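Single-structure report; data block below.
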Amino acid sequence: MQPSFSNSFTTFLVIILGFTPSLLASSMPSTRARDTYYAAEPDSAIRLCLERMNEVLLTKDVPTVMGIFDRGDDIILIGSDSGEICIGRQQVENFFKMIVSMPFVFSFDWDHVVINHRESTAWVFVDGKMVHTSPSGKISKVPYRIAAVMVKVDAEWKWKMFSGSIPRGE
């Protein structure tokens, strides 16, 4: 029994279509080559920008805290409590005035960090803990997640958007 034209043609299509994606991919410039992925690399500049958040919160000085954010007026901070939506430099600054006036120091444990970036923009996911340290040294921790966007300004990474949430019911 001879193979029919339709079976031969189908086989031909399967072979051609099977190779086409790899042929196209090899002939197109790769944008993935410019992407960089870090998983909790402590020495990456973006990871150090995360760590800087804890350092500036410890100072309880609003201008110092605001120094880690992009200089533009289009920064955004979304906290985990109702009403904590701050759009623009002035609202973010007002939020940090409230935060540093608290009778404890805010900080974060960066337990699991995923960082991706392309050129001068980074997007970050953190699954960690929000930490409150009282003047007496008592520490309380709450599970906390952060999604963030950072931008490179000159040679330094700055926060552009911070979105925090407290996971419930996991």
Item checked: Residues located in the range 90-128, provided they are in a strand (DSSP E or B) and over 21 Å from Lys158 (Cα atoms) -> Val105
Notebook entry, point to check: Would you call Val62 in contact (Cβ under 8 Å) with a residue 40 or more places away in the chain, more than 14 Å from the chain's Cα centre (by Cα), surrounded by 14 or more Cβ atoms within 10 Å (Cβ to Cβ) and over 22 Å from Arg145 (Cβ atoms)?
Noted result: no
Margin query: For the range 151-170, which positions are assigned to a strand (DSSP E or B) and either closer than 16 Å to Ile78 by Cα or basic (Lys, Arg) (or both)?
Written below: Lys152, Lys158, Trp159, Lys160, Met161, Phe162, Ser163, Gly164, Ser165
Next item on the list: Output the residue which, of all residues in the range 136-150 that are in contact with a Phe, Trp or Tyr (Cβ under 7 Å, 6 or more places away or on another chain) and either in a loop (DSSP other than H, G, I, E, B) or among the hydrophobic types (A, V, I, L, M, F, W, C) (or both), is surrounded by the fewest Cβ atoms within 10 Å (Cβ to Cβ).
Entry: Ala147
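Only residues that are surrounded by 13 or more Cβ atoms within 10 Å (Cβ to Cβ) and of a type outside the set (Phe, Trp, Tyr): list them for the range 99-111, please.
Those that are surrounded by 13 or more Cβ atoms within 10 Å (Cβ to Cβ) and of a type outside the set (Phe, Trp, Tyr): Ile99, Val100, Val105, Ser107, Asp109.
No value in this document is a laboratory result; all are computed from the given coordinates. These figures come from a predicted structure and were not determined experimentally. Glycine also receives a Cβ, built like all others from the backbone with ideal geometry; neighbour counts cover every protein chain displayed.
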